[in-house]
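Here's the structure we're looking at; comments come further down.
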Amino acid sequence: MQPSLATQAMLARAVRLGAQLRIAEVTGARYARGRSGGASGRIVGIETNAGPIEADAVVNCAGPWAGEVAALLGTRLDIRPRRGMILVTVPMPQRVFHKVYDADYVGAVGSADAALQTSTVVESTPAGTVLIGSSRERVGFSDALALPALAGIAAKATRLFPFLADTMVLRSYHGFRPYAPDHLPAIGADGGIDGLFHAAGHEGAGIGLAPTTGELVAHAVLGTPAPLDPTPFLPTRAALREEAA
Ligand SMILES: Cc1cc2nc3c(=O)[nH]c(=O)nc-3n(C[C@H](O)[C@H](O)[C@H](O)COP(=O)(O)OP(=O)(O)OC[C@H]3O[C@@H](n4cnc5c(N)ncnc54)[C@H](O)[C@@H]3O)c2cc1C
């Protein structure tokens, strides 16, 4: 699956079903007026750089920025960026037939360490390139080229697939995974602000977990029973509300 194509397809479907797309940066929240005239604990919309938007429900799904957006909306959610780098080879006749992980991957995903960790994930694409990952490090939203991370993933991948040592690398890229300190996503009602929901913190699995997340959010917003127990993912859990270590 190509995530950007999947996103465009789902968006097109939503628009066909009546959704409106507005591209704007969230800058704050709009609250209902309480009996005393002050702001109540119910969100009734958002402020953006393109003007206010009214809403019966607001879902914070800002990925690695979800903690910052939560703060803009007046609440706390401990989601942090976790940078990951990928190497992309030149196109070649197919030699990698399955996505291959090494066992380091499991340890790296579950680690709370902010320092660089590398593990091997190798897969080929329909275009013939081979994607070589992956790294994990918590360095904020740093865009600095990380040679130690690239060297680390290249060294590990060539141990698993020796032919890669003679393969040209076309490019590298990086992204930021949304990291939660207890390694579970935050899905459901905010708990402190009525009408506000979160769907963030899926770390390195947010594409695969998107359909189930959408379903859980829809049930949370509508107040209907979810198809699975949402309790472990509730944003109200202590791990997401404590001050960052
Ligand atoms: C190297 C790498 C490899 C990965 N491999 C996989 C994989 O194989 N499988 C998998 O399932 N997942 C993978 N992931 C993880 C996956 O990319 C994420 O889990 C997923 O993108 C999270 O989706 P999201 O919608 O929560 O956040 P994002 O996709 O990050 O979207 C958040 C959006 O919020 C927007 N935003 C931020 N602030 C504001 C604001 N103030 N106002 C308005 N909008 C705002 C951003 O512009 C962005 O569009 C990988 C990630 C990396 C970095």
Just flag the GluC sites (Glu not before Pro) in segment 1-86 sitting in loop per DSSP whose Cβ has no more than 14 other Cβ atoms within 10 Å. E25
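Ignoring any ligand, DNA or RNA, what whole percent of the accessible area of segment 45-202 comes from carbon and sulfur when the probe is 1.4 angstrom?
Heavy-atom surface of segment 45-202 belonging to carbon and sulfur, 1.4 Å probe: 60 percent.
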With every protein chain kept in place and a 1.4 Å probe, the chain has an accessible area per residue in Å² of 55
Nearest-0.05 FRET efficiency for A218 and Y101, computed from C-beta distance (R0 22 Å): 0.10
Semi-axis lengths, Å, the chain, gyration tensor of Cα atoms, sqrt of 5 times eigenvalues: 38, 20, 17
Whose amide H sits under 5 Å from the amide H of D190, counting only residues 5 or more places off or on another chain, with H placed in the peptide plane? L196, F197, H198
Theoretical ellipticity at 222 nm over the chain - DSSP helices of four or more residues, -39500 (n - 2.57) apiece, nearest 500: -7000 deg cm²/dmol
Can you pull a Stokes-Einstein diffusion coefficient for segment 80-177 at 20 °C (1.002 mPa s), Rh from Kirkwood over Cα pairs, as a whole number of µm²/s? 158
What is the gain in length, in nm to one decimal, between L209 and L147 on full extension, counting 0.36 nm per residue of separation less the C-alpha to C-alpha distance? 19.3 nm
Which of S142, S36, S124 moves the most in a Gaussian network model of the chain with Cα springs under 10 Å? S36
For D166 and L17, what does the FRET efficiency come to when R0 = 51 Å and r is the distance between their Cβ atoms, rounded to the nearest 0.05? 0.55
Quickly work out the A57-to-T125 label distance, labels modelled 7 Å from Cα along the C-beta direction, and quote it in nm with one decimal. 3.5
Go ahead and collect, in residue order, the members of segment 173-190 whose backbone nitrogen is under 17 Å from a label point 7 Å along the Cα-Cβ direction of T236. 186-190
Pairwise FRET efficiency - R33 versus M1, Cβ, R0 = 51 Å, nearest 0.05: 0.65
Could you give the size of the charge dipole of segment 80-177 about its Cα centre, using +1 on the Cβ of each K and R and -1 on the Cβ of each D and E, expressed in debye and rounded to the nearest 20? 200
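The values are calculated or read from the model by the stated rules, or taken from the named source; none is laboratory data. The shown structure was predicted, so the numbers you read here are calculated from the model rather than taken from an experiment. Please note: Cβ atoms are built from the backbone with ideal geometry, for glycine as well, and neighbour counts cover all protein chains shown. The protein model used for the area step is the full one, side chains on, heavy atoms only, and it has no ligands, DNA or RNA in it. Shrake-Rupley method; radii C 1.70, N 1.55, O 1.52, S 1.80 Å.
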